[in-house]
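The structure under discussion appears below in the form of structure tokens.
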Amino acid sequence: MNLDQSRWRILIASTLINICVGSIYAFSIFALPLSKLFNASMPEIMMAFTINAAISPIPMILGGKLVDKGGAKIAIFLGGAMFGLGFILSGLATEPWMLYITYGVIAGIGQGIVYSSTIGNTVKLFPDKRGLAAGIVTAGYGGGTIVIAPLANALITNSGVQTAMMMLGAAFLVIILGAGTLVKPCPVGFAPQGWTPPAAASKKGGVNIPWHQMIKKPLFYVIACLFLIGALSGMMVTANASVIGQKMFGLSAASAALFVSLYSLSNCLGRVFWGAVSDRIGRLKCLMMIYIVIAAMMLTIALSTSVAGFAVAIVGIGLCFGGTMGIFPSIVGEKFGMKYYGVNYGVTFIGYSGAAFFGPRIANSVAAANNGQFTNAFYIALVIALVGFALTFLFKAMEKGQQTDDTPVKPKAA
């Protein structure tokens, strides 16, 4: 089987792997049982998740470096082993600080290496369908919670939280390492049969920029800011969807959990939908649409008093958060090239890390100052989304400037 045919098999295997590491966002399922088991506060337990999210750019750069050197399979084996081991050791923890090491550091490094490896290798394998492929493989990551959360809940109910974490860790080891055997690294310069690279990609200076040159370009900082803005509203809701549903819309805990699943599903579908759309109409037009929809959904959730309004907003925000995560892998590859893509995307991922750090904190700080109401946080996110929309015009202008700079200068006639 040649690479043109096997790349789809690799895409499916990579998506399955990402479903496993995407379970990292199901930590709230474990948090309450762990807090009771250790007799610890929720902030103490949630610190493990915070550490996990905070260190993500570091392992992503490491995984990207391995992918750029043709070591995608090695990276998946290394990261998958650390991720599964981190879960197993978390099940053996007896104090919150142990979770910081096992779930926060070991599993966190593992999931970062795996995630950057699956994305980096997949985007290289699909230069003709970058948006769609990146959308599918990141949808696995976004959809991990949908698959793992009910399974984890059932295991906790039947066997306890520690046994559940050890069982899941063992399953993750088997699935990730097994699926990893199906992954083949993308060879340098791979092009699918019958596909011709766009003319712009062959311009001198237009591709293959290493990270230390990339960070000197103003375009990089605009892209990182756009990434942060696109993910910010999604991270606000990711961390607080259940609380928002209960405190602002009067939902029961069980009903709120259904809306969390709805949000996760929307996030998952948004990655595929917007990724495919961006292949047809362009990344920039997609980003413009995403920021406008985010602003509209933030206004909807801020003004709505009905559960229907909450549902519409949850779906819209989830779709746009997913779209952000699905589009930026393609943007980085197209603007800075594929030779150093793995490391470049890991560096650019600092935009997402900023959203993961600031989004929940903005929402929680505003809610704490307003009797648990998130309304003002939604207005803040609305304004930030409009700033993102404005930044797309700067991005467009800088993009044109880069194309002009890359155009070969014709020699003057003698």
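A few notes on this one:
- You will find that of G79, G71, G104, G108, the residue that is crowded, with 24+ Cβ neighbours inside 10 Å, out of contact with any Gly (no Cβ under 7 Å at 6 or more places or on another chain) and at pLDDT 90 or above is G108 and no other.
- Cβ separations smaller than 9 Å between residues 6+ apart or across chains give the following pairs from segment 148-160 residues that are without any contact (Cβ under 8 Å) to a residue 12 or more places away in the chain to residues that are among the small types (G, A, S) and surrounded by fewer than 20 Cβ atoms within 10 Å (Cβ to Cβ): P150/S261.
- Exclusive hit being assigned by TED's automatic domain parsing to the domain that holds N158 and surrounded by fewer than 18 Cβ atoms within 10 Å (Cβ to Cβ), set L85, L92: L92
- Considering segment 67-99, and only residues there that are among the charged types (D, E, K, R) and part of a helix (DSSP H, G or I), the residue that is nearest to G346 (Cα to Cα) turns out to be D68.
To keep it simple, each residue is scored yes or no on (1) more than 30 Å from L299 (Cα to Cα); (2) in a helix (DSSP H, G or I); (3) among the small types (G, A, S).
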site	(1), (2), (3)
A171	yes, yes, yes
I176	yes, yes, no
T196	yes, no, no
C225	no, yes, no
S242	no, yes, yes
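- Index of the failed condition, V183 passing every other in (1) part of a helix (DSSP H, G or I); (2) hydrophobic (A, V, I, L, M, F, W, C); (3) under 18 Å from G22 (Cβ atoms); (4) modelled with pLDDT of 90 or more: (1)
- Test: residue in segment 136-155 that is assigned to a helix (DSSP H, G or I), over 23 Å from the mean Cα position of the chain (by Cα) and at pLDDT 85 or above: yes
- Screening E95 with (1) among the acidic types (D, E); (2) touching a Lys or Arg at 6+ places or on another chain (Cβ under 9 Å); (3) under 30 Å from V243 (Cβ atoms) gives one miss only, at (2).
- Segment 21-47: number of residues that are among the acidic types (D, E) and in a loop (DSSP other than H, G, I, E, B): 0
- Those residues of segment 367-384 which are at pLDDT below 90 and crowded, with 19+ Cβ neighbours inside 10 Å, in sequence order: A367, F374
- For the condition touching a residue at least 24 places away in the same chain (Cβ under 8 Å), closer than 18 Å to G142 by Cα and either surrounded by fewer than 23 Cβ atoms within 10 Å (Cβ to Cβ) or in contact with a His (Cβ under 8 Å, 6 or more places away or on another chain) (or both), F249 does not qualify.
- For segment 327-375, a residue qualifies if it is farther than 21 Å from V188 by Cβ and polar (S, T, N, Q), and the qualifying residues are T348, S353, N364, S365, N370, N371, Q373, T375.
- Residues of segment 149-168 that are surrounded by 14 or more Cβ atoms within 10 Å (Cβ to Cβ) and either aliphatic (A, V, I, L, M) or touching a Lys or Arg at 6+ places or on another chain (Cβ under 7 Å) (or both): A149, L151, A152, L155, I156, V161, A164, M165, M166, M167, L168.
The values are calculated or read from the model by the stated rules, or taken from the named source; none is laboratory data. Everything numeric in this text was worked out from a predicted model, so none of it was measured. So basically every Cβ, Gly included, is an ideal-geometry build from the backbone, and we count neighbours across all protein chains shown.
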